[in-house]
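Undergrad: Can you keep this structure in mind? I'll have questions shortly.
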Amino acid sequence: MQRQYSADRDGLENGYRCIEPAQRLEPDVMLLDLRMPQFDGPAALEQLQTQDSAPKGRQPRS
């Protein structure tokens, strides 16, 4: 039996631009580049982990 999966994706030019959509959309998975202009993936992940707006049980993990 074949399963169908759907996924939406967005490409952003820097990690800073992922903060607001991540809080609003609450994605199950995010792929962040280690080297991005202005704000890299690890910095974006750290920012998301410190946000009080993350729903309980959905805290971003590294």
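Undergrad: (1) of a type outside the set (Asp, Glu); (2) surrounded by fewer than 15 Cβ atoms within 10 Å (Cβ to Cβ); (3) in a loop (DSSP other than H, G, I, E, B): which one isn't true of PRO27, the others all being true?
TA: That leaves (2) as the condition not met.
Undergrad: Can I ask one more? Might you let me know whether the range 39-60 holds any residue that is touching a helix residue (DSSP H, G or I) at 6+ places or on another chain (Cβ under 9 Å), of a type in the set (Gly, Ala, Ser) and either outside any helix (DSSP H, G or I) or at pLDDT below 80 (or both)?
TA: Start the filter on the range 39-60 by keeping residues that are touching a helix residue (DSSP H, G or I) at 6+ places or on another chain (Cβ under 9 Å), which leaves 39-45, 47-48, 51, 53-54, 59-60.
Narrowing further to those that are of a type in the set (Gly, Ala, Ser): 41, 43-44, 53-54.
Next cut, either outside any helix (DSSP H, G or I) or at pLDDT below 80 (or both) only: 53-54.
Within the range 39-60, one or more residues are touching a helix residue (DSSP H, G or I) at 6+ places or on another chain (Cβ under 9 Å), of a type in the set (Gly, Ala, Ser) and either outside any helix (DSSP H, G or I) or at pLDDT below 80 (or both).
The values are calculated or read from the model by the stated rules, or taken from the named source; none is laboratory data. This structure is a prediction, so every number in the text was calculated from the model and none was measured. No Cβ is skipped: glycine too gets one built from the backbone with ideal geometry, and neighbour counts run over all protein chains shown.
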